[in-house]
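**Q** Mind having a look at this structure? Questions to follow.
The values are calculated or read from the model by the stated rules, or taken from the named source; none is laboratory data. Note that this is a predicted model, so its numbers are computed, not measured. Cβ atoms come from the backbone with ideal geometry, glycine included; neighbour counts cover every protein chain shown.
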Amino acid sequence: MNEDMEKLISLQRIDSEIAGFAQAIAKCEADTVKREQAILDEQEKLAALKTKITLLTEKQQENQIEHEEAEVRMKESQNKMLLVQTSREHQALLKEIEDNKKLAKSTEERALQFIEQLDQLGKEVEALEAQCATEQAQLAEVKQKAAKEIKRLNTSKKGVEGERTEKAAAVPPQLLQRYDKLMLKRHGLAVVAVKDSVCMGCHMTLPPQQVNEVLKGDKLNLCPTCQRILYYEAPEEEAESGTPEAAGETLAPEEVPLAEE
Ligand SMILES: [Zn+2]
């Protein structure tokens, strides 16, 4: 295989490794942020529950006053009953008593509902507060672990980055420029294998003539679809160990040709 090609393959391997570290660091950070957000959401929910409790308590008190007033009026009407003279007055009083009795009954029923609702909300608040407390304790632990892990990953990443500088210096400048440009436009995957006549970057099948040229490996071969730099990799059963893995396989393949080369 062409010597420059070997350098590029090894550069790609290092860059994929660096990207892997960067991804792992981002994942650590995202996990912490996600947990923090979950706690914030719960706290917001708690505040809303507490507002609801305040409003409901106010209504409960209003209902209590309404109930007491109805009972007072009922008693007053009952007392007046002894003094009435006409049947009209008697009828009017009876109606008043009946109305206030109804009101006293309905407010009493509502009072029970308030107690039930407030009891339910109180339980919800209690559960959510306990959950928040647990998650906050966990967060402190997770943050500590994440910081440690990020530090470790950064150290490893720096080590590989040093190696990258050396490897990049060994690649002819023009080729390196092409590689770097491809890296930017093709989501960190510039050099890919051709396996079973398929470009491992965009997963398109290459014409047989081009596969032969890649196999010969005496010149720079680019994928006609994604423009990535190609090298030959033997099919699975013949593959030797130590061949570079197609990095970034999880990335969406790019089918659009580069705008300008
Ligand atoms: Zn391709």
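**Q** Being within 27 Å of the chain's Cα centre (by Cα), within 30 Å of Ala48 (Cα to Cα), of a type outside the set (Gly, Ala, Ser) and crowded, with 16+ Cβ neighbours inside 10 Å, is that true of even one residue in region 171-194?
**A** No: region 171-194 contains no residue that is within 27 Å of the chain's Cα centre (by Cα), within 30 Å of Ala48 (Cα to Cα), of a type outside the set (Gly, Ala, Ser) and crowded, with 16+ Cβ neighbours inside 10 Å.
**Q** Taking only pairs six or more apart or across chains, which ones have beta-carbon atoms under 7 Å, a first residue in region 218-246 that is more than 15 Å from Ser197 (Cα to Cα) and at pLDDT below 90, and a second residue that is within 14 Å of the ligand (Cβ to nearest atom) and assigned to a loop (DSSP other than H, G, I, E, B)?
**A** Going by the 7 Å Cβ cut-off, the qualifying pairs are Thr243/Glu233.
**Q** Could I ask something else about it? Return the residues of region 180-192 that are more than 14 Å from the ligand (Cβ to nearest atom), touching a helix residue (DSSP H, G or I) at 6+ places or on another chain (Cβ under 8 Å) and either assigned to a strand (DSSP E or B) or not aliphatic (A, V, I, L, M) (or both); say none if nothing qualifies.
**A** The first filter runs over region 180-192 and keeps only residues more than 14 Å from the ligand (Cβ to nearest atom), leaving 180-181, 183-184, 188.
From what's left, touching a helix residue (DSSP H, G or I) at 6+ places or on another chain (Cβ under 8 Å): 183, 188.
Correct list: Gly188 only.
**Q** Within region 203-220, identify whether any single residue is away from the ligand (no atom under 12 Å from the Cβ), among the charged types (D, E, K, R) and part of a loop (DSSP other than H, G, I, E, B), and answer yes or no. Spell out the reasoning first.
**A** First, pick out the residues of region 203-220 that are away from the ligand (no atom under 12 Å from the Cβ): 207-209, 211-213, 215-220.
With the extra rule that they be among the charged types (D, E, K, R), the set shrinks to 213, 216, 218-219.
Pick out the ones that are also part of a loop (DSSP other than H, G, I, E, B) and you get 218-219.
Yes, the conditions are met somewhere in region 203-220.
**Q** Tally the residues that are closer than 18 Å to Leu11 by Cβ and out of contact with any Phe, Trp or Tyr (no Cβ under 9 Å at 6 or more places or on another chain), restricting the search to region 200-225.
**A** Final tally of qualifying residues: 5.
**Q** Under 39 Å from the mean Cα position of the chain (by Cα), in a helix (DSSP H, G or I) and not assigned by TED's automatic domain parsing to the domain that holds Val192: which single residue out of Gln78, Gln43, Gln64, Gln91 fits that description? Write out each step before concluding.
**A** Working: Gln78 fails: under 39 Å from the mean Cα position of the chain (by Cα); Gln64 fails: under 39 Å from the mean Cα position of the chain (by Cα); Gln91 fails: under 39 Å from the mean Cα position of the chain (by Cα).
From the options Gln78, Gln43, Gln64, Gln91, the qualifying one is Gln43.
**Q** If the requirement is being more than 30 Å from Pro173 (Cβ to Cβ), free of Cβ contacts under 8 Å to residues at least 40 places away in the same chain and in a helix (DSSP H, G or I), which of these qualifies: Leu83, Leu103, Leu49?
**A** Result of the check over Leu83, Leu103, Leu49: Leu103.
**Q** Looking at this structure, is Lys105 more than 39 Å from the chain's Cα centre (by Cα), at pLDDT 95 or above and not polar (S, T, N, Q)?
**A** Numbers: more than 39 Å from the chain's Cα centre (by Cα): yes; at pLDDT 95 or above: yes; not polar (S, T, N, Q): yes.
Yes; evaluated as a whole, the condition is true for this residue.
**Q** I would also like to ask the following. Which residues, counting only those in region 193-202, are in contact with an Asp or Glu (Cβ under 9 Å, 6 or more places away or on another chain) and either free of Cβ contacts under 8 Å to residues at least 24 places away in the same chain or within 12 Å of the ligand (Cβ to nearest atom) (or both)? It would help to see each step written out before you state the result.
**A** Let us first name the residues in region 193-202 that are in contact with an Asp or Glu (Cβ under 9 Å, 6 or more places away or on another chain), namely 193-196, 200-202.
The answer is Ala193, Val194, Lys195, Met200, Gly201, Cys202.
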